[in-house]
Amino acid sequence: MQNSYILAALCSMCFYGFSDVVFKLSARHGIPSHQFIILQTIFFLPCALTYGLITNTIHIGVPFYYGMCAGITLYFALLYFAISLSTGDVSVVAPVFRSSFVLASLLAILFLDEHITFVKMVAFTLSVIAAFLLLSQLKPNSSNITPSPKIRNTIRNLVIATVFMGVTGFIYKLGAIAGGNSISIMNGQAIIFFPLAFIACYVKERKIVFVWKYLYLGFAAAMFLLASLFLLLEALKFGPASTIVPISQMSFIVSAITGILLFKEKFTWKKAIGLACAIGAIILLSL
């Protein structure tokens, strides 16, 4: 059974990484974050709802309500993540954002009595080191120690996104152990996420904006997020959140490598050591 949930978490990790790359592509095309989230959610909700209705797996109950709570926190996590991607490399921003698993794991250990082992402590330490090494790449290269307003804003948005994502991961675990199926949790999330996306766009633009030209990016992001979330929730049914969430959120390995190869982002020794620490953490958590 352990091999099963570890494999599901690893697959979830890959799909999360692909979704991060799609978010970066949208930022490179200049799509405002609130507009791109609409493109993603118009596919996510119908697909999740259709699958639930066909398989008769949507049940209104405590897990569904946990999904609704996750919809709120996930919306703000993705919003601020997308904003930070507009000013930072995906090979830097995504790893820090995905280090949110440290918060999710700590919450699980504190409130769900999950065991903290020496191996997990070493893995968490490696993950934090990786995040700090990669975050340092956002600093200006000049001798001026004061970061520019642009860098400060990127870091602030990234911290907000990371905290919201960490809380979201913990809520997923609560929904999973409450006896609900993954589809119910996903639909609960989508039903809240959907109107939030439209409300935010209307508040910002005073109208609803569909960037039809980049509809394919919204579809890609939705499919990757659907797959990654479903696999994560399935894994959480059988494994501890302090192991499963960290592995799934190590998706920054995929997005960082893709960013370097696809977007020609600079590859530095700090990125190399950071990614090596992250891979080491995955290996330890998989033992």
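A short reminder: the numbers here are calculations on the coordinates, not readings from a lab. For clarity, every value in this text was computed on a predicted model and none was experimentally measured. Neighbour counts run over all protein chains shown; Cβ positions are idealised from the backbone, glycine included.
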Directionally averaged projected area (convex hull, Cα atoms, the chain), nm²:
14.9
Before anything else, pin down the relative contact order of the chain: Cα pairs under 8 Å, at least 6 apart, normalised by residue count, whole percent.
43
Compute the distance from the alpha-carbon center of the range 258-287 to that of the range 167-225, in whole Å.
28
Extreme residue, positive dipole direction of the chain, given options PHE97, CYS11, LEU174 (C-beta unit charges):
PHE97
Between beta-carbons, use under 15 Å as the cut-off and find the net charge around LEU106, counting Lys and Arg +1, Asp and Glu -1.
0
Pulled fully out, how much extra length does the chain show between LYS213 and VAL159, if you take 0.36 nm times their separation in residues and subtract their Cα-Cα distance?
16.4 nm
Rounded, prolate or oblate, given the Cα gyration tensor of the range 1-113, with a/c below 1.5 counting as rounded?
oblate
Karplus-derived 3J(HN,Hα), 6.51/-1.76/1.60, for each residue of the range 273-279, Hz, glycine and proline x:
5, x, 5, 5, 4, 5, 5
Honestly the range 233-281 on the Cα gyration tensor test (a ≥ b ≥ c root eigenvalues; a/c under 1.5 rounded, otherwise a/b vs b/c for prolate or oblate) is just oblate
Yeah, the range 174-240 with a ≥ b ≥ c from its alpha-carbon gyration tensor (a/c under 1.5 is rounded, else prolate when a/b outruns b/c, oblate otherwise) is oblate
Once you place label points 7 Å from the Cα toward the Cβ at ILE279 and ARG152, how far apart are they in nm?
3.8
Suppose only helical runs count, i.e. DSSP H with n ≥ 4. What mean residue ellipticity at 222 nm does that imply for the chain under -39500 (n - 2.57) per run, divided by all residues and rounded to the nearest 500 deg cm²/dmol?
-26500 deg cm²/dmol
In nm, give the distance between the simple-model label positions of THR125 and PHE111, each being 7 Å from the Cα along the Cα-to-Cβ direction.
2.8
Qualifying aspartates and glutamates (Cα of each under 16 Å from Cα of LYS24; at least 8 residues distant if same chain)
ASP89, GLU265
